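Visitor: One structure, as structure tokens, below. Some questions next.
The values are calculated or read from the model by the stated rules, or taken from the named source; none is laboratory data. Nothing here was measured: the structure is a model prediction, and the numbers come from that model. Virtual Cβ from ideal backbone geometry, glycine too; neighbours counted across all protein chains shown.
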Amino acid sequence: MNNRLLIINGPGLSDLSNYNETGYDDLTLDAVQQKCSETCEGLGLEMDFRQNDNESELLSVLIEDIDNFDALIINPAGHSQASSIGLDMYSTVINKITNQGKPVVEVRIENIFKQGNNKPLQGPESGVGFVGGLGMHSYVLAIKAINKKLSNN
Amino acid sequence: MNIYVINGPNINLLGTRETEIYGKDTLESITKDCQEQAFKDGHDVKFMQSNYEGEIVEWIQNAITEKIDAIVINAAAYTHTSIAIHDALKSYSGYKVELHISNPHLRESFRHVSYISSVVDAVVAGLGPDGYSHVIDLLLDLPIKVN
């Protein structure tokens, strides 16, 4: 079995109404989940889609549960506003996951580089992909990329 | 839909240069993979590569006058240096996707700044050579934007 995908959404993503200004009108997390679910079903991937407003809970989930998954898509949302301790914790977790040979892709609904200081997650050089700025399609593209990587493994 | 896939310096060496980072696919094989299905569906996907900054600027200007629907740009090392490419892209109003085979933000610090990211719609990086076909497939599904 090599088809279990965890999609995890960070703080603030429960309410996407503040993304309207970036051109993604009426987008809801439910709609994103629905789209991801359809995409995964079409590709034969088993999906677990989660959202957590509490960053330390989110990291705990990742640390505890990743052994039950073959790949990770993460939208860390407000992580870049977090403390450097938080950033280190993300890097530690991402390193652990990529060390297991599991593909990781960071997704962003919006193009974070238009807003100035946002930085992508850090991790090992070849382990983490990035897709941002395509609205819910960011997730679709990430799922397809993960599927390709899993089928090549 | 008409798409320009513009590639910058050293991308012509794909498949031979630092294959542990960029993979073993050549630009030719990537081009073939991306064009086959697109042509069948009646789309036009044109791949270009240049080691010269000015030529890349001219292709972007050409995309404006020719009303090309989308640009996928892997400006390679010019990503981190070229204000000229930034300016040209700013004038283009179709879909713009910045693409990188590796993830520049996880590499040397001189690759962490992109002059392109702020003037494109989307950034896709670190998905390997397959990134090209993933991005093109997605663009072909989008409604055509009037530009």
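Visitor: Have a look at A:Ile97, A:Ile146 and point out the one that is within 23 Å of B:Tyr22 (Cα to Cα), within 10 Å of chain B (Cβ to nearest Cβ) and touching a Leu at 6+ places or on another chain (Cβ under 7 Å). Step through it out loud before you land on a result.
Guide: On the way: A:Ile97 fails: within 10 Å of chain B (Cβ to nearest Cβ).
Residue meeting the stated conditions: A:Ile146.
Visitor: How many of the residues in the stretch B:115-147 are in contact with a Ser or Thr (Cβ under 7 Å, 6 or more places away or on another chain), part of a loop (DSSP other than H, G, I, E, B) and at the interface with chain A (Cβ under 7 Å from one of its Cβ atoms)?
Guide: 1
Visitor: Ok, one more. Of the residues B:Leu99, B:Leu89, which is closer than 27 Å to A:Val105 by Cβ and assigned to a helix (DSSP H, G or I)? Before the answer, list the steps.
Guide: On the way: B:Leu99 fails: assigned to a helix (DSSP H, G or I).
So the residue among B:Leu99, B:Leu89 that is closer than 27 Å to A:Val105 by Cβ and assigned to a helix (DSSP H, G or I) is B:Leu89.
Visitor: Going through B:Ser133, B:Ser109, B:Ser117 one at a time, which residue ends up being farther than 15 Å from B:His43 by Cα, surrounded by 15 or more Cβ atoms within 10 Å (Cβ to Cβ) and of a type in the set (S, T, N, Q)? Break it down into steps so the answer makes sense when it comes.
Guide: Numbers: B:Ser133 fails: farther than 15 Å from B:His43 by Cα; B:Ser109 fails: surrounded by 15 or more Cβ atoms within 10 Å (Cβ to Cβ).
It is B:Ser117.
Visitor: Considering the stretch A:114-146 alone, what residues qualify as being aliphatic (A, V, I, L, M) and under 16 Å from B:His100 (Cβ atoms)?
Guide: First, the residues of the stretch A:114-146 that are aliphatic (A, V, I, L, M): A:121, A:128, A:131, A:134, A:136, A:140-143, A:145-146.
Listed by number, the residues that qualify are A:Leu121, A:Val128, A:Val131, A:Leu134, A:Leu141, A:Ala142, A:Ala145.
Visitor: When the residues of the stretch A:110-136 are filtered to those that are within 25 Å of B:Glu18 (Cβ to Cβ) and of a type in the set (D, E, K, R), which remaining residue is nearest to the other protein chains (Cβ to nearest Cβ)?
Guide: A:Glu125
Visitor: Between B:Ser50, B:Ser102, which is on the phi < 0 side of the Ramachandran plot, among the polar types (S, T, N, Q), within 14 Å of the chain's Cα centre (by Cα) and within 14 Å of chain A (Cβ to nearest Cβ)? So that I can check it myself, show each step before the final result.
Guide: On the way: B:Ser50 fails: within 14 Å of chain A (Cβ to nearest Cβ).
None of the other options fit; the residue is B:Ser102.
Visitor: Now for a different question. Where residues in the stretch B:92-147 are of a type in the set (Val, Ile, Thr) and at pLDDT below 95, which of them is nearest to B:Gln35 (Cα to Cα)?
Guide: Of the residues in the stretch B:92-147, the ones of a type in the set (Val, Ile, Thr) are B:97, B:101, B:113, B:116, B:119-120, B:123-124, B:135-136, B:144, B:146.
Among the residues that remain, those that are also at pLDDT below 95 are: B:113, B:144, B:146.
Details: B:Val113: 31, B:Ile144: 19, B:Val146: 23 Å.
Here the residue is B:Ile144.
Visitor: Are any residues in the stretch B:17-49 more than 21 Å from B:Ser102 (Cα to Cα), aliphatic (A, V, I, L, M) and outside any helix (DSSP H, G or I), and if so, which ones? Quick ask: steps written out before the conclusion?
Guide: Here is the first cut: in the stretch B:17-49, the residues more than 21 Å from B:Ser102 (Cα to Cα) are B:35-46.
Then drop every residue that is not aliphatic (A, V, I, L, M), which leaves B:38, B:45.
Result: B:Val45, single match.
Visitor: Here's something else I'd like to know. Please go through the stretch B:31-53 and give me each residue that is buried (at least 16 other Cβ atoms within 10 Å of the Cβ) and of a type in the set (S, T, N, Q), ordered by number.
Guide: Of everything in the stretch B:31-53, those that are buried (at least 16 other Cβ atoms within 10 Å of the Cβ) and of a type in the set (S, T, N, Q) turn out to be B:Thr31, B:Gln35, B:Gln49, B:Ser50, B:Asn51.
Visitor: Being charged (D, E, K, R) and within 14 Å of chain A (Cβ to nearest Cβ), is that true of even one residue in the stretch B:22-29? Let's see the steps before the verdict.
Guide: Taking the stretch B:22-29 and keeping what is charged (D, E, K, R), we get B:24-25, B:28.
The next check asks that each one be within 14 Å of chain A (Cβ to nearest Cβ); those that pass are B:24-25.
Taking every residue of the stretch B:22-29 in turn, at least one turns out to be charged (D, E, K, R) and within 14 Å of chain A (Cβ to nearest Cβ).
Visitor: Out of everything in the stretch B:78-98 that is in contact (Cβ under 8 Å) with a residue 40 or more places away in the chain and either within 14 Å of another protein chain (Cβ to nearest Cβ) or of a type in the set (Phe, Trp, Tyr) (or both), what residue ends up being nearest to A:Leu141 (Cα to Cα)?
Guide: Step by step, filter the stretch B:78-98, then rank; the result is B:Val97.
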